[in-house]
Amino acid sequence: MVFRRGSSQSWPGLGGGSGYTASLGMLRAAVLLVSLPWGAQGAACANVSMALGHRGPLPGGRYLSIGDGSVVEFEFPEKSEGIIVISSQYPGQSNGSGANPMLRVTSLDTEVLTIKNVSAITWGNRGGFVVSIHSGLPGQAPLHIQLMDPHETPPVLIEERRDFCIKVLPAEEAPATRGADQVHFSENPILYLLLPLIFVNKCSFGCKVELEVLKGLLQRPQPMLLGLLGQFLVMPFYAFLMAKVFMLPKVLALGLIITCSSPGGGGSYLFSLLLGGDVTLAISMTFISTVAATCLLPLSSAVYSHLLSIHETLHVPISKILGSLLFVAIPIAAGVLIKSKLPKLSQLLLQVIKPFSFVLLLGGLFLAYRMGVFILADVRLPIVLVGLTVPLVGLLVGYCLAICLKLPVAQRRTVSIEVGVQNSLLALAMLQLSLRRLQADYASQAPFIVALSGTSEMLALVIGHFIYSSLCPVP
């Protein structure tokens, strides 16, 4: 039996203090122990021995304990069955005077731990309960334990404890089981082979930069401010809202929010070029948003981690952000220099920029799928649906904000694209630095799906724009 969030299962006592009942309860506990995997069995056996060996009243007037009460956190491996033995020192327990107290146990994080059932056991003149559990994702699951008196209607609460916690540990990783085509994304050599090609392409974009337009943007920075508003405020909030609507697991929700908080996607000025946007504005917005990410990304992540009750220490990849800045600034500056000093080379680069960019776009889409195939192997429908909407909502939000300021059409398109295109590589780096490998790979479903969805949807827009421009040329 698997319970949904907030659910609990209670079983009344098995009744009486007879030797038969005691033997039956002990036999039930023994059978459960034998069925456990070794990692959980060791912890559970220790709990049973301490629970059965406990003597005398518990300190502080308490009746319930796990073991001798000195330990409140217990460890189990992920994705395993186990038991917890809770001893009860409530007066009159199993004395044959009527219905015994019953126990309700609730896991406060059902993604980490689910309560399968609670059974009463007795030994001699003492009583207790066996709680059968199933551990899920790595993490910590606080327990809510309630001892109830069933003589009253409704049952009266005798004692309540919230200090016990189950810590689910990640299983040993087995990277050797992956195929040769399922190399982890950070280990894929094709990524490094593409870097020189991307560098040359960025030089071509530098040849498109208009210095007069850049000076105008410095005097009127409203479009860049709109981009920051959409990228760091609207999109993370949308991700948080969708995580609640679709009831995404906490780790996956965190991955989605970090993805929507990571601006400056490398393809944004590429799409601005192909869709008739303002390339100079696109490059400026990418640079400014990447700089702002050093402060606003950790702030956004901290706020939403608190709202999700995730207590992991999040590491912002400052070195990767700085590397991204250099990888934008250096080739763009080289392109500007080529434009002023080598006009013939500049004209050559401008002629090949669109077809070359289109080829890189297709290559990036294929590479993203190949690198993320093992992460997306067990992907579920809700995160796919949310991932499909993220780029579309970003495009719509950016365009509406630009309309509010009555920006020119080219700048509207650029602001829309800058808000709608996320820097999934930055999000992946942050997740891999902050979480355990298994958790990181699970959370990385969000940036991979957003990247695949965004690239596919933008590619469809580019093809549609090309067809429209061919059929209805602007005079």
Given pairs K250/K406; K320/K406; K208/K406 and cut-off 32 Å on Cα-Cα distance, the over-length ones are K250/K406; K320/K406
Under a 5 Å amide H to amide H cut-off, with H placed in plane at 1.01 Å, what residues pair with I133 once short-range neighbours are removed? G82, I83, I84, K116
³J(HN,Hα), Karplus 6.51/-1.76/1.60, whole Hz, each residue of the stretch 141-154, x for Gly, Pro: 10, x, 10, 10, 10, 10, 9, 10, 9, x, 5, 9, 10, x
What size of dipole, in debye to the nearest 20, comes out for the stretch 366-475 about its Cα centre when the only charges are +1 on Lys and Arg C-beta atoms and -1 on Asp and Glu C-beta atoms? 100 debye
Arranged by the count of other C-beta atoms within 10 angstrom, fewest first, what order do T153, T106, T414 take? T153, T106, T414
What FRET efficiency, computed as 1/(1 + (r/R0)^6) with R0 = 51 Å and r the Cβ-Cβ distance, is obtained for S469 and V291, rounded to the nearest 0.05? 0.90
So V71 and H315, fully extended at 0.36 nm per residue minus their Cα-Cα distance, gain in nm 84.8 nm
Charge context of G216, other residues only, Cβ under 13 angstrom, K/R +1, D/E -1: -1
Residue by residue, what Karplus-based ³J(HN,Hα) values in Hz, rounded to whole numbers, does the stretch 238-251 have, using 6.51, -1.76 and 1.60 with θ = phi - 60° and x for Gly and Pro? 4, 4, 4, 5, 5, 5, 6, 4, 8, 6, 5, x, 4, 5
What FRET efficiency comes out for the pair A377/V245, r = Cβ-Cβ distance, R0 = 25 Å, nearest 0.05? 0.50
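Where a number appears in this text, it was derived from the coordinates with a stated rule and is not lab data. Note that the coordinates shown come from a computational prediction; the quantities given were computed from them, not determined experimentally. Using ideal geometry, Cβ is built from the backbone for each residue, glycine included, and neighbour counts are taken over all protein chains shown.
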